[in-house]
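For reference, the structure discussed in these notes is given below.
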Amino acid sequence: MITRALAPYIFALLLGIVSLNLSAQKEPFYKTYDWESNPSYQLNFNDTVDIVSLKDKVVVEFYYEADGNLSEYFLIHQILWLNSDEQIEKNNKIYIPYFATTVPVMNKGRVINKDGNVINLTESDILTAQDDETKKTYKYYTFKGIEKGSIIEYLYILKKSPNYKGNSMFYQEEHLSLNASFDLYSPSNLYFKFKSYNSLPAVVQDTNSVDKLHWSFSKDTIPLLEKEMLSNYNANRMFLVYKLDKNTATNQHDISSYGIVSDNVYKYVYKEESKSTVKELTKLIKNAKVDATDDLTKQIRTIEDYVKRNFFYVNSSADELSDVSYILKNKIGSDDGLLKLYAKIFQILKIDFQIVLTSDRTSIRFDKDFEANNFLNNYLFYFPKIDSYMSHLELSSRLGFPPAELTNNYGLFIKEVALGDYKTGIGKINYINPVSHEKTYDNILINVQFDKDNMTTIIADFDKLSQGYYAGYTQPYMHLLDEKNKIDVIDEQIKYISDDVEIIDKQVFNDNPEAYGIKPLEVKAKIKLSTCVDKAGDKLLFKIGELIGPQMEMYQKKKRVLPLETGFNRTYHREITFTIPDGYVINNLSDLAIKNSYDKDGKTIFSFISKYELNGTEVKVAIDEFYTIFDIQPELYEQYRTVINSAADFNKVTLVLEPK
């Protein structure tokens with residue numbers, strides 16, 4: 001999906017897709033399609049089943065109108081059997097994809113109760129509303145009279161501007177789906193390509209179709225896919241992607257190729273600005289205090305910090321928001337506009353960069369072998385000389401720490417190439433490496449003293465250092481917070497142990513976006529805690545494990561089906577130091593030693609190791625935990641679970657201090 005400001009460049013080929021023989025067309029498919037006038041369904045499901053899709057039909061047709069323009073007709077026909085109050089509540093409103101250029105051709109729905117009584121929706125049951133934040137209009141059905149065991153059925157047809165350079169259709173849900181199908185019709189000169197994912201059947205061409213081209217798939221049963229903890233559900237559902245490949249009427253081929261995208265993105269981003277705009281850009285660089293003698297990393301970070309402090313993103317397709325001169329004047333811009341702003345600055349500074357287009361892998365993974373625009377959803381800057389990425393939009397991101405969901409993925413890298421006096425953008429698909437686990441860490445150092453006047457209370461010197469993605473939750477935003485909210489954020493860094501922590505004193509360091517990725521966010525404090533030591537007769541029970549805070553504990557009765565994805569690679573280091581009080585001895589220090597890891601090809605992939613040293617009466621506990629991959633395939637789930645649960649096991653460790 002390319003953003004709207006780029007549309008005039010990306011979709012220029014639309015003008016070339018015209019019919020040479022309109023009279024040869026049959027009428028659109030939807031004109032001969034309808035639901036059953038007397039519906040009757042065989043429902044052989046037990047009472048534990050709360051929802052089944054009885055039909056999931058999608059039809060897409062590209063059609064030349066009388067004036068020769070190409071339109072797209074989009075048909076959805078869905079039938080759902082609902083057998084629980086929860087599912088009735090969840091499905092009594094059905095939303096219709098609706099845009100400013102969308103023309104409704106048909107909207108109808110009905111409820112079929114267990115006794116066969118049919119309740120048809122009226123016009124008043126199909127409502128229009130507006131999102132308060134985005135101001136976008138949407139339509140939805142409201143179903144009335146649904147009871148357990150009822151069926152809801154809806155059929156809508158939309159006419160819209162054609163989307164033919166890459167579109168995806170998802171089929172698999174958290175419930176059983178029956179009679180799933182997809183059909184695509186097009187004029188006889190427009191040939192499409194398809195690819196199915198995650199075991200969805202392949203789309204095949206109907207060679208018996210005359211006057212128009214037809215491709216389809218159908219499947220009687222699509223099994224349910226349940227959501228699992230820490231899984232990218234959408235990316236693992238069955239889906240298909242389709243794109244226009246060639247127009248035989250104009251002899252155009254590879255219509256949806258990334259070569260065309262690369263050239264058009266280049267023309268858009270590198271479009272020459274006026275002399276007055278270049279002058280304003282040069283002034284911005286001066287105001288940002290960019291020093292040309294600094295190393296490349298520092299120059300880029302200086303620009304990034306300045307722009308992200310002074311310019312703001314607006315989620316809008318208004319043309320002026322992609323105009324660099326307007327952005328410079330008003331300090332606001334769209335996605336494309338801010339992309340151009342950075343690009344112009346980097347050009348003036350002669351900083352070599354590439355534009356990267358990729359997908360959010362949590363929703364849809366970039367397919368390096370099938371070129372389609374629905375994989376082109378997000379931009380990054382790539383700087384080859386320092387092998388580093390930058391997001392132009394995300395405030396929680398800085399150079400070297402792009403949004404994690406865009407890494408561990410492929411992308412289209414577009415770089416400027418000069419052929420004599422002619423310059424263009426050449427695209428190449430490359431892998432976007434995730435950030436190393438060593439660059440994202442959460443380290444905690446705690447020095448504990450037992451209160452001599454009350455041995456169930458401890459006083460501790462606390463030092464927490466967060467770097468990389470862990471710092472991204474707070475460090476880039478601290479300068480925007482008022483004093484009260486800043487105090488709350490700092491306190492949260494300490495009170496992860498327990499809400500009962502009493503903070504005696506605290507300091508924070510590197511609490512600014514300029515430090516993000518360079519210096520860790522550091523919180524130092526003196527704290528008092530009365531909940532991690534209990535008395536049991538003449539013994540003291542020191543719940544030392546609670547000092548690392550609550551930990552995730554993974555248990556799953558069913559066999560793991562989906563890959564487990566935790567977001568980013570990471571490292572943890574904990575040190576807890578204390579002195580055994582006079583008159584006491586600890587006989588179960590060995591409980592502090594836990595070791596679990598997983599090795600592959602001679603390398604440790606993930607690991608948890610806790611150990612201790614006893615020097616006289618001083619005990620020093622060191623915990624090291626790291627994960628060098630964050631996409632765990634089901635076959636590795638048990639090994640990962642063993643390691644991740646080690647921290648939860650340590651959290652339960654209690655040392656018994658007995659009188660000598």
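The values are calculated or read from the model by the stated rules, or taken from the named source; none is laboratory data. Note that the structure is a prediction, hence the values are computed from the model and not measured. Cβ placement follows ideal geometry from the backbone for every residue including glycine, while neighbour counts extend to all protein chains displayed. These area figures cover heavy atoms from the full protein model, side chains too; ligands, DNA and RNA do not enter into them. Shrake-Rupley method; radii C 1.70, N 1.55, O 1.52, S 1.80 Å.
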- Item | Residue-level accessible surface for Ser40, protein heavy atoms, 1.4 Å, Å² | 90 Å²
- So how much accessible area does Glu173 have, in Å² to the nearest 10, using a 1.4 Å probe? 70 Å²
- For the range 316-405, the dipole about the Cα centre with charges only on Cβ (Lys and Arg +1, Asp and Glu -1), to the nearest 20 debye, works out at 420 debye
- Item | List Thr456, Thr277, Thr101, ordered by accessible area with a 1.4 Å probe, largest first | Thr101, Thr456, Thr277
- Task: Please report the relative contact order for the chain, taking Cα pairs under 8 Å with a sequence separation of at least 6, and give it as a percent rounded to a whole number.
- Result: 10 percent
- Message: Could you report the range 453-596's accessible area per residue, 1.4 Å probe, as an integer in Å²?
- Response: 49 Å²
- Computed for the range 202-268: size of charge dipole around the Cα centre, +1 on C-beta of each Lys and Arg, -1 on C-beta of each Asp and Glu, debye to nearest 20, value 140 debye
- Message: Per DSSP helix of 4 or more residues, -39500 (n - 2.57); summed, then divided by the residues of the chain. What does that give at 222 nm, rounded to the nearest 500?
- Response: -4500 deg cm²/dmol
- Message: If you roll a 1.4 angstrom probe over the protein chains with everything in place, what fraction of the accessible area of the chain belongs to carbon and sulfur, to the nearest %?
- Response: 47 percent
- Task: Towards the positive end of the charge dipole of the chain, with charges on Cβ (+1 Lys, Arg; -1 Asp, Glu), say which of Leu339, Pro563, Ala100 has the farthest Cα.
- Result: Leu339
- Query: How many angstrom separate the Cα center of the range 69-89 from the Cα center of the range 349-382?
  - Reply: 31 Å
- Between the range 555-622 and the range 280-322, the alpha-carbon center distance in angstrom: 43 Å
- Note on the structure: For Lys539 the rounded accessible area (nearest 10 Å², probe 1.4 Å, non-protein molecules ignored) is 80 Å²
- Query: Could you sort Met455, Met478 by accessible area so the largest value comes first, with the probe set to 1.4 Å?
  - Reply: Met455, Met478
- Can you tell me the accessible area per residue over the range 181-325, all protein chains present, probe 1.4 angstrom, in square angstrom? 49 Å²
- Message: Between 0 and 90 degrees, rounded to the nearest ten: what's the tilt of helix 275-287 against the longest Cα principal axis of the chain?
- Response: 10 degrees
- Task: Treating the angle as unsigned and between 0 and 90°, give the value, to the nearest 10°, between the Cα long axis of helix 296-310 and the longest Cα principal axis of the chain.
- Result: 70 degrees
- Query: Tilt of helix 258-269 relative to the longest C-alpha principal axis of the chain, in degrees (0 to 90, nearest 10)?
  - Reply: 70 degrees
- Query: Given (1) 52, 34, 28; (2) 48, 27, 24; (3) 52, 36, 22, which label gives semi-axes √(5λ) of the Cα gyration tensor in Å as computed from the coordinates?
  - Reply: (3)
- Item | Neighbour cut-off at most 14 other Cβ (10 Å), DSSP loop, trypsin sites (Lys or Arg not before Pro), the range 393-484 | Lys452
- Message: Looking at the calculated P(r) for the range 227-268, what percent of the C-alpha pair distances fall above 10 Å?
- Response: 78 percent
- When the charge dipole of the range 453-527 is computed with +1 on Lys and Arg Cβ and -1 on Asp and Glu Cβ about the Cα centre, the Cα farthest towards its positive end, among Leu481, Asn510, Asn454, belongs to Asn510
- Note on the structure: Order by accessible surface, 1.4 Å probe, largest leading, for residues Val290, Val52 comes to Val290, Val52
- Query: Which of Leu281, Thr221, Phe239 sits closest to the plus end of the dipole of the range 194-301, meaning its Cα is farthest towards the positive end, when Lys and Arg get +1 and Asp and Glu get -1 on the C-beta?
  - Reply: Leu281
